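A.B. asks: Input: one structure, supplied below.
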Amino acid sequence: MTEILLAGESWQTLSFEIKGQDVLTDSTYEEMADHLVAALEVAGGSVTYMPCHAATRTFPRTRDELEGYDLVLLSDIGADTLQLTPAVRQGRTDVDRCELLASYVEAGGALGMIGGYMSFAGANGQARYDRTALADVLPVSIGPGDDRIEVPAGVRPTNQGVPGPDADLPDEWPPVLGYNRVVADDDADVWATVDGDPLLVAGTYGAGRTVAFTTDCAPHWAPPEFLEWEGLPTLWAAILDYATSA
């Protein structure tokens with residue numbers, strides 16, 4: 001079994017309903033990791049899922065903790081959640097968990113980032129991984145500012161050669177509705193593209209391996225046709241095989 005830590009893919013929504021002088025409030029909490037977890041498990045992974053609010057306090061703080069996992073996946077979870085710990089918010093020094101992840105990969109660990117509004121640069125640049133140690137670790141260059149590409153009509157990813165003896169995937173995949181626009185590093189391998197931009201990129205950092213998957217693993221960028229695609233576990237099996245063969 002491949003031990004995987006998946007952090008992110010959750011959110012809370014606070015809404016206001018105004019009726020004249022009266023204001024009503026309501027809140028919801030959602031997790032959207034189910035499809036990804038299912039695909040990873042079919043591909044041979046054992047997944048520890050850590051939603052965003054839990055990651056603020058409980059994301060690994062030492063190399064020993066991280067080394068209990070073969071692969072760490074960050075999905076729609078901004079750099080603030082990793083760096084602005086409760087201690088830092090109170091004005092005390094604390095571990096920089098982006099730098100910790102960088103050292104984990106350099107020593108032979110594996111890291112993947114999945115697209116979303118709080119991945120790579122993210123919505124309005126708020127994910128801001130371009131200004132963390134992970135900017136040098138990931139196999140792509142992250143530009144400043146908002147990197148989202150919205151494609152409401154859908155666009156089909158193109159297979160550029162996903163490796164592996166069992167990775168028999170078609171040339172075109174089910175459509176996605178958006179992605180983060182990044183630039184693949186010169187020494188990285190682009191496994192799939194979308195509208196000419198990188199969709200799936202694999203690379204190395206030190207003794208470790210890295211993967212960038214620039215669309216989401218849940219709606220809205222990943223519609224049901226993509227999430228229920230029979231090739232998705234095969235795709236993740238190829239990613240797991242690469243990430244853990246360092």
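A.B. asks: When the chain is treated as a GNM, springs tying every alpha-carbon pair under 10 Å, which of 76, 189, 168 comes out with the largest mean-square fluctuation?
C.D. replies: 168
A.B. asks: Please figure out what share of the DSSP beta bridges in segment 101-219 is antiparallel and state it in percent, rounded to the nearest 5. Before the final figure, lay out each step's value.
C.D. replies: Numbers: 20 of 25 bridges.
Antiparallel: roughly 80 percent of the beta bridges in segment 101-219.
A.B. asks: Which percent, to the nearest 5, of DSSP beta bridges fully inside the chain are antiparallel?
C.D. replies: Numbers: 30 of 50 bridges.
Here the share of antiparallel DSSP bridges comes out near 60 percent.
A.B. asks: Using all Cα-Cα distances in segment 195-246, what percent lands in each 5 angstrom bin from 0 up to the longest?
C.D. replies: 4, 17, 23, 24, 18, 9, 4, 1
A.B. asks: If the elastic network links every pair of Cα atoms under 10 Å, which of 186, 94, 22 fluctuates the most in the Gaussian network model of the chain?
C.D. replies: 22
A.B. asks: Using a Förster distance of 51 Å, how high is the FRET efficiency between residue 31 and residue 186, based on the Cβ-Cβ distance and rounded to 0.05?
C.D. replies: Working: r = 37 Å, r/R0 = 0.73.
The value I calculate is 0.85.
A.B. asks: If R0 is 30 Å, what FRET efficiency do you get for residue 17 and residue 46 from their C-beta distance, rounded to 0.05?
C.D. replies: Efficiency computed from Cβ-Cβ geometry: 0.10.
A.B. asks: Once you order the gyration tensor axes a ≥ b ≥ c over the Cα atoms, which shape class does segment 48-196 get: rounded for a/c under 1.5, otherwise prolate or oblate by comparing a/b with b/c?
C.D. replies: In terms of gyration-tensor shape, prolate.
A.B. asks: Would you kindly calculate the translational diffusion coefficient of segment 159-230, applying Stokes-Einstein with the Kirkwood radius from alpha carbon pairs, for 25 °C and a viscosity of 0.890 mPa s, and quote it in µm² s⁻¹ without decimals? Kindly include the intermediate steps, with their values, before the conclusion.
C.D. replies: Values: Rh = 13.1 Å.
Rounded to a whole number, D works out at 187 µm²/s.
A.B. asks: With a 10 Å cut-off between alpha carbons and a GNM built on the chain, which of 143, 154, 45 moves the most?
C.D. replies: Evaluated over the chain, the most mobile residue of the options is 154.
A.B. asks: Divide, for segment 12-85, the radius of gyration over alpha carbons by 2.2 N^0.38 Å, where N is the residue count.
C.D. replies: Working: Rg = 17.3 Å, N = 74, 2.2 N^0.38 = 11.3 Å.
Rg over 2.2 N^0.38 Å, computed on Cα atoms: 1.53.
A.B. asks: Let me ask you something else. Grab the beta carbon distance between residue 92 and residue 64, set R0 = 25 Å, and tell me the FRET efficiency rounded to 0.05.
C.D. replies: Values: r = 22 Å, r/R0 = 0.88.
The formula returns an efficiency of 0.70 here.
A.B. asks: Sequence gap at least 6, Cα distance under 8 Å: using those rules, report the relative contact order of the chain to the nearest whole percent.
C.D. replies: Values: 571 pairs, mean separation 48.2, N = 246.
Contact order relative to length: 20 percent.
Only the coordinates and a few stated rules stand behind these numbers; no lab work does. Everything numeric in this text was worked out from a predicted model, so none of it was measured. Here Cβ is always computed from backbone atoms with ideal geometry, including for glycine, and neighbour counts include all displayed protein chains.
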